[in-house]
Amino acid sequence: MAKYKACILGLRMTVDMDIKELLVIRDSNLLIHQVQGKWTTKNVKIFPYIQCVKELSKRFTKIEFKHVPRIQNEFIDALAMISSMIQHPEKNYIYTIKIKIHDQHAYCVHIDEEPDEKPWYYDIKRLLEVGEYPESATGKQKRT
C-alpha cells in the first residue's frame with residue numbers, strides 16, 4: 001500500500017502542475033503490472049488504490065508505466081537524492097527538473113598541457129626507445 005500511496009502522491013502532484021504527458025518509472029513490478037491490468041489482486045485493500053491510480057491516469061493525454069528492476073534504477077535514486085537536497089521556502093513547491101535523454105553517450109577527456117610543451121606520451125616513448133626514465137621519476141614509478 002505504501003508504494004501505491006507514493007505513486008498516487010506523485011500523480012496528484014503532476015496533475016496539479018498541469019503536466020499532460022508522463023512516464024512513471026517504478027521498481028515495483030507488482031504495482032506496474034496491476035495498474036496496467038496484466039496482473040490481478042485478491043487483496044481487497046489494494047482495489048481502491050489501483051482504482052485511484054487509474055482515475056488519475058485519465059487526467060493525462062499520455063501516460064506510460066515502466067518497470068525498472070531495483071538494481072538498475074540508479075536514475076531514480078539520483079533524482080530522489082537531488083530532490084531531497086533541494087529546499088524551497090514554501091514546503092509545497094517543487095522545482096522542475098528538465099531531463100534530456102540522448103541516444104549516444106557523451107565523452108569528455110581533458111588532458112592538461114605539459115609545462116615542457118612535449119606530448120603526454122613523450123616520456124613513455126623515450127623509455128621504449130632509449131631505455132631512460134624521466135629525471136623526475138621516483139624509484140616506485142620506475143618499478144611500476
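The values are calculated or read from the model by the stated rules, or taken from the named source; none is laboratory data. Please read all numbers here as calculations on a predicted model, not as lab measurements. With ideal geometry, Cβ positions are generated from the backbone for all residues, glycine too; neighbour counts draw on all protein chains shown.
Considering the range 42-98, and only residues there that are farther than 15 Å from GLY10 by Cα and among the aromatic types (Phe, Trp, Tyr), the residue that is modelled with the lowest pLDDT turns out to be PHE75. Looking only at residues in the range 18-29 that are of a type in the set (A, V, I, L, M, F, W, C) and at pLDDT 85 or above, which one is farthest from the chain's Cα centre (by Cα)? Checking each candidate, the answer is ILE19. Of the residues making up the range 113-137, those that are within 43 Å of the chain's Cα centre (by Cα) and surrounded by 10 or more Cβ atoms within 10 Å (Cβ to Cβ) are GLU114, LYS118, PRO119, TRP120, TYR122, ASP123, ILE124, LYS125, ALA137. Annotation for the range 106-117: at least one member residue is modelled with pLDDT of 70 or more and outside the structural domain of MET17 (by TED's automatic domain parsing).
Matching residues to (1) of a type in the set (Gly, Ala, Ser); (2) in contact (Cβ under 8 Å) with a residue 12 or more places away in the chain; (3) at positive phi:
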position: LYS3; (1), (2), (3): no, yes, no
position: ASP18; (1), (2), (3): no, no, yes
position: LEU31; (1), (2), (3): no, yes, no
position: VAL35; (1), (2), (3): no, yes, no
position: PRO48; (1), (2), (3): no, no, no
position: LYS58; (1), (2), (3): no, no, no
position: LYS66; (1), (2), (3): no, yes, no
position: MET81; (1), (2), (3): no, no, no
